[in-house]
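Report on the following structure.
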Amino acid sequence: MLGHTAKVQAVLKDYRTAPITEAEKALFQFLEKVNRQSHQISQVDVDQARRAGWTDEALYDAIGVCAQFNYYNRWIDASGVQDMPAIGYQMSGHRLATEGYARPLAPENDHSHPHAPGADRYELPPTERKVTMEPMFLRDVEEREGGGQYAELIRQTRAAGAPVSQIFHLFAFKPAMTDHLSYFTQELMRGASPLSPGLRELIAAFTSHQNQCLYCANSHAAAAGRLLGSRALVQAVLDNYRASALSPAEKALFGFIERVTFRSWEIRRGDVDQVRQAGWSDEALYDALTVCALFSFYNRWVHAAGVHVMPPEWHEVSGKRLAERGYVLR
Amino acid sequence: MEPIFLCDVERQAKAGPMGPQFAAMEAAGVPVPQILYLFAFKPRATDHLSRYTQELMRGPSPLAPGMRELIAAFTSKRNQCPF
């Protein structure tokens, strides 16, 4: 498939009639659903892609790429990155094909193999209530022990007799990759910003709620409630932010976020100017739309891999951990 | 090229450590992909995003890098004009 521009164009136009294998057609059919209706993905969709010959690892990677570009698409659309002349795309295509997306790390900045976390640092969930979770759609991802900080957290959670939050498996499956995702998320959600960590969690919960990702919405609503000191405000924003106790400026920001979530391709300069006039700096808008874009990634990742929603008290535990310790587990 | 909607982000990116590189590209008549301004604005965060993306798109996988790029293009195409 590589090096065949015509084939690529045919897939982009209509994968169903493109000169690709039946297995590849089945994969694109699956990805179309991941992209547009990830909340409706079920075991049936995943099994269908598996029967076409794809391993769980291949599906995990394909879901990851599709979800990641839901991040980039929103990031670019909402911040107003413009189309380039053709030569620009030729050059960036060459750069991506030869150099990829990142320079190699200097050793002192290489966090790709974090030390296993200390057992005393985690708030393990209460064990009184026995919870049985449905297995994930990607069984191999759930069953493989995995590595890194999340594999350690899974071991500790199991040792305490508590159920494991299934998103941990998505991180533990490819830690050399997902450790960078943890660090990015940590910096975005807790790093220096004109938006408080509580407001950023609220944007995460709001985006996830709009995308019908209950798993993410519940966990980040719990974190936002703790950081903002009001669970009622969080619930009111999720139910209908326009009627909530948010300030007019915050309502303008959530209106913008709603558009980034659903119709980012329609955002124009005037839309951004309008929310800026409500009093937000470009840095605040950059941070807000980046949080929204990242959770458009997470929602699809979680949905398509079959990470199931947990009982409410377990989301409270996740929210507490996110509020107190953030996204990097050491 | 038109500036991006978040013009302060672009301005600060050009004034930062990546500035000379952007200036050299412009001087050579090479279009600067504006997504680079989004990366240059908050490198403490986006350096990790680059590495995550690198590993996702080029790391070990049953899917060839070209196939992963095709999935990226497919997703982006669908999101430009989804209906």
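Derivation of every value follows stated rules applied to the coordinates shown; laboratory data play no part. These figures come from a predicted structure and were not determined experimentally. A quick note on method: Cβ atoms are made from the backbone with ideal geometry, for glycine too, and the neighbour counts reach across all protein chains shown.
Is there a quick way to get the dipole size of chain A? I mean about its Cα centre, with the Cβ of Lys and Arg at +1 and of Asp and Glu at -1; what is the value in debye to the nearest 20?
Numbers: 35 positive and 38 negative charges, 80 e Å.
The dipole of chain A has a size of about 380 debye.
Would you mind computing Rg(Cα) / (2.2 N^0.38 Å) for the protein assembly as shown, counting N as its residues? Before the final figure, lay out the partial values.
Working: Rg = 20.9 Å, N = 413, 2.2 N^0.38 = 21.7 Å.
Normalised by 2.2 N^0.38 Å, the Cα Rg of the protein assembly as shown equals 0.96.
Volume per residue, Å³, of the convex hull around the alpha-carbon atoms of segment A:209-302? Please list the in-between numbers first.
Values: hull volume 9.2 nm³, N = 94.
Taking only Cα atoms, segment A:209-302 has a hull volume of 98 Å³ per residue.
Going by average Cβ neighbours within 10 Å, how do the peptides A:255-265, A:154-164 rank, with the highest at the top?
On the way: A:255-265: 19.1, A:154-164: 15.4.
Highest mean packing first, the order is A:255-265, A:154-164.
Nearest 0.05, what FRET efficiency do B:Ala15 and A:Tyr89 give at R0 = 22 Å with Cβ-Cβ as r?
Working: r = 27 Å, r/R0 = 1.21.
After rounding, the FRET efficiency stands at 0.25.
Tell me, what is a quarter of the convex hull surface for the C-alpha atoms of segment B:7-80, in nm² with one decimal? Walk me through the numbers before you get to the answer.
Numbers: hull surface 26.0 nm².
Taking a quarter of the hull surface, the average projection is 6.5 nm².
If we restrict to alpha carbons, what Rg and Dmax does segment A:169-247 come to, in Å?
Computed over the Cα atoms of segment A:169-247, radius of gyration and Dmax are 13.8, 44 Å.
Please compare each pair in A:Lys25/B:Lys77; A:Lys13/A:Lys33; A:Lys320/B:Lys77; A:Lys174/B:Lys42; A:Lys251/B:Lys14; A:Lys7/A:Lys174 to a cut-off of 27 Å on the Cα-Cα distance and tell me which ones are over it.
Values: A:Lys25/B:Lys77 16 Å; A:Lys13/A:Lys33 16 Å; A:Lys320/B:Lys77 38 Å; A:Lys174/B:Lys42 25 Å; A:Lys251/B:Lys14 31 Å; A:Lys7/A:Lys174 30 Å.
Over 27 Å Cα-Cα: A:Lys320/B:Lys77; A:Lys251/B:Lys14; A:Lys7/A:Lys174.
Among A:Met136, A:Met189, A:Met177, which one shows the highest mean-square fluctuation when chain A is modelled as a Gaussian network with alpha-carbon springs under 10 Å?
A:Met177
Go ahead and set up a Gaussian network model of chain A, Cα springs under 10 Å, then flag whichever of A:Ile76, A:Ile167, A:Ile63 fluctuates most.
Evaluated over chain A, the most mobile residue of the options is A:Ile76.
Under a point-charge model restricted to the Cβ atoms of Lys and Arg (+1) and Asp and Glu (-1), what is the dipole moment magnitude of segment B:7-80 relative to its Cα centre, in debye to the nearest 20? Write out the running numbers ahead of the final one.
Details: 9 positive and 6 negative charges, 39 e Å.
Its charge dipole is roughly 180 debye.
Have a look at B:Gly16, B:Gly29, B:Gly59 and tell me which one the Gaussian network model of chain B (Cα, springs below 10 Å) gives the largest fluctuation.
Evaluated over chain B, the most mobile residue of the options is B:Gly29.
So if I place +1 on the C-beta of Lys and Arg and -1 on the C-beta of Asp and Glu, and nothing else carries charge, what would the dipole magnitude of segment A:161-296 be about its Cα centre? I want it in debye, nearest 20. Present the calculation step by step, with values, prior to reporting the outcome.
Working: 12 positive and 12 negative charges, 41 e Å.
Dipole magnitude for segment A:161-296 comes out near 200 debye.
Using the membrane-span-like helix rule (whole DSSP H runs, Cα extent along the own axis of at least 27 Å, mean Kyte-Doolittle hydropathy at least -1.0), which helices of chain A qualify? Before the final figure, lay out the partial values.
On the way: long enough: A:56-79 (34 Å, -0.23); A:282-305 (34 Å, 0.42).
Passing helices, by number: A:56-79, A:282-305.
Extension gain A:Ala160-A:Glu134, at 0.36 nm per residue separation less the Cα-Cα distance, in nm? Numbers along the way, then the final one.
On the way: separation 26, 0.36 × 26 = 9.36 nm, distance 1.97 nm.
Roughly 7.4 nm would be gained on extension.
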